Amino acid sequence: TLPNGDILVAETNKPAKGGSGGITGFFERYFMGKAGAGVPSANRITLLRDGDGDGVAEVKTPLITGLNSPFGIAFAKDKLYVGNTDGVRWWPYTLGATKVEGEGKLLKKLNAAAPNMHWTRNLLLNADATKLYIAVGSNSNIQENGREAEDGRARIIEYDFTATKANNFAIGVRNPVGMAWNPWTGKLWATVNERDMLGSDLVPDYMSEIPEASDFGWP
C-alpha cells in the first residue's frame, strides 16, 4: 500500500523455464494446474485505487508491464523498487501516477538460472530507507543441482544505498519468503520454507529473528 492509499499488486507466476524436471516436475505441473497456478506469468504490477473509500477499486490499471516474474515491491523517496526473479529494478515514481514507462534501472542482479525453483524475491526497506533487504530462495531442495547453482541464493541480501553495495545479511536460509520488522525490537524476522519430499522426516518450516551475519545452515 502506497502512502496515498493506492495499492500495488504483483501479478505473477514462475518463469516459463522454472520448476522441477522428471517425475517430480510431472506431478508438480499436474497439481499446480489443478490449483489454477499453471498459467503463464502476467509479469506486471497493477495499480488499484479506491477514490471514494467504499472498499471497491474504481481504478484498476497496469502500472508496469514487461517484467520477469515480479514479486516484492517497495517504495520510498520517489523511487519504486520491484523484485524480478532475475534482479531488483527501480523506477522514478510520483505518487498518484498511473503509468511507469521503461524497463527501469538495475539495482542488483540475482541468480535465476534454471530450474530456478524458488523464484520469488521479497523486498523490505528499513525505517529510513537507507537499506533494502532482498530475500532469495535456493535453486533446489537439498543442493542436488550442485553448489554453483546456489551461488547468491538461500540468503537475505542487504543493499546499502549509502555505500551503493550489497552484502550477505544472512545465509543458509533455504527459502525466505516473508520478511518483517519486529515493532518492539526493530530486528529483522523472516519465515523460511525448508526442505520438501522427506515424508515424516520433513524439516519443519520456521519463523525466526534473523541476526546480521548469521548462517542458518542450509543445506
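The values are calculated or read from the model by the stated rules, or taken from the named source; none is laboratory data. Please read these numbers as outputs of a predicted model, since none were measured by experiment. Note that we place each Cβ from the backbone using ideal geometry, even for glycine, and neighbour counts take in every protein chain shown. Each accessible area value is taken on the protein alone, full model and side chains, heavy atoms only, with ligands, DNA and RNA left out. Shrake-Rupley method; radii C 1.70, N 1.55, O 1.52, S 1.80 Å.
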### Message
If a residue must be part of a strand (DSSP E or B) and buried (at least 17 other Cβ atoms within 10 Å of the Cβ), how many such residues does segment 8-43 contain?
### Response
2
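If a residue has to be over 15 Å from ARG153 (Cβ atoms) and surrounded by 11 or more Cβ atoms within 10 Å (Cβ to Cβ) to count, how many in segment 195-206 make the cut? Steps first, answer last, please.
Taking segment 195-206 as the starting set, the residues that turn out to be over 15 Å from ARG153 (Cβ atoms) are 196-206.
Right, trim to surrounded by 11 or more Cβ atoms within 10 Å (Cβ to Cβ) and you get 196, 198, 202-203, 205-206.
Of the residues in that region, 6 qualify.
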### Query
Can you pull out the residues in segment 100-133 that are loosely packed, with under 15 Cβ neighbours inside 10 Å, more than 17 Å from PRO3 (Cα to Cα) and free of Cβ contacts under 8 Å to residues at least 40 places away in the same chain?
GLU101, GLY102, GLU103, LYS105, LEU106, LYS109, THR130
### Query
Restricting attention to segment 66-77, does a residue exist that is of a type in the set (Lys, Arg), in a strand (DSSP E or B) and over 14 Å from VAL9 (Cα atoms)?
no
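May I ask you to say which residue of THR94, THR61, THR1 is assigned to a strand (DSSP E or B) and either open to solvent by less than 70 Å² (accessible area, probe 1.4 Å) or within 30 Å of ALA129 (Cβ to Cβ) (or both)? I'd like the intermediate steps shown before the answer.
Numbers: THR94 fails: assigned to a strand (DSSP E or B); THR1 fails: assigned to a strand (DSSP E or B).
Among THR94, THR61, THR1, only THR61 is assigned to a strand (DSSP E or B) and either open to solvent by less than 70 Å² (accessible area, probe 1.4 Å) or within 30 Å of ALA129 (Cβ to Cβ) (or both).
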### Message
Here's a check for you: in segment 141-186, which residue that is free of Cβ contacts under 8 Å to residues at least 24 places away in the same chain and among the small types (Gly, Ala, Ser) is farthest from GLY72 (Cα to Cα)?
### Response
GLY146
#### Entry: Some residue of segment 49-57 being modelled with pLDDT of 95 or more and either open to solvent by less than 40 Å² (accessible area, probe 1.4 Å) or of a type in the set (S, T, N, Q) (or both)
no
### Query
PHE75: farther than 26 Å from GLY19 by Cβ and either among the hydroxyl-bearing types (Ser, Thr, Tyr) or touching a residue at least 60 places away in the same chain (Cβ under 8 Å) (or both), yes or no?
yes
### Query
Taking GLU58 and the conditions (1) within 17 Å of the chain's Cα centre (by Cα); (2) over 30 Å from ASN139 (Cα atoms), which numbered condition does it fall short on, given that it satisfies the others?
(1)
### Test: residue in segment 155-169 that is within 18 Å of the chain's Cα centre (by Cα) and over 17 Å from LYS108 (Cβ atoms)
no
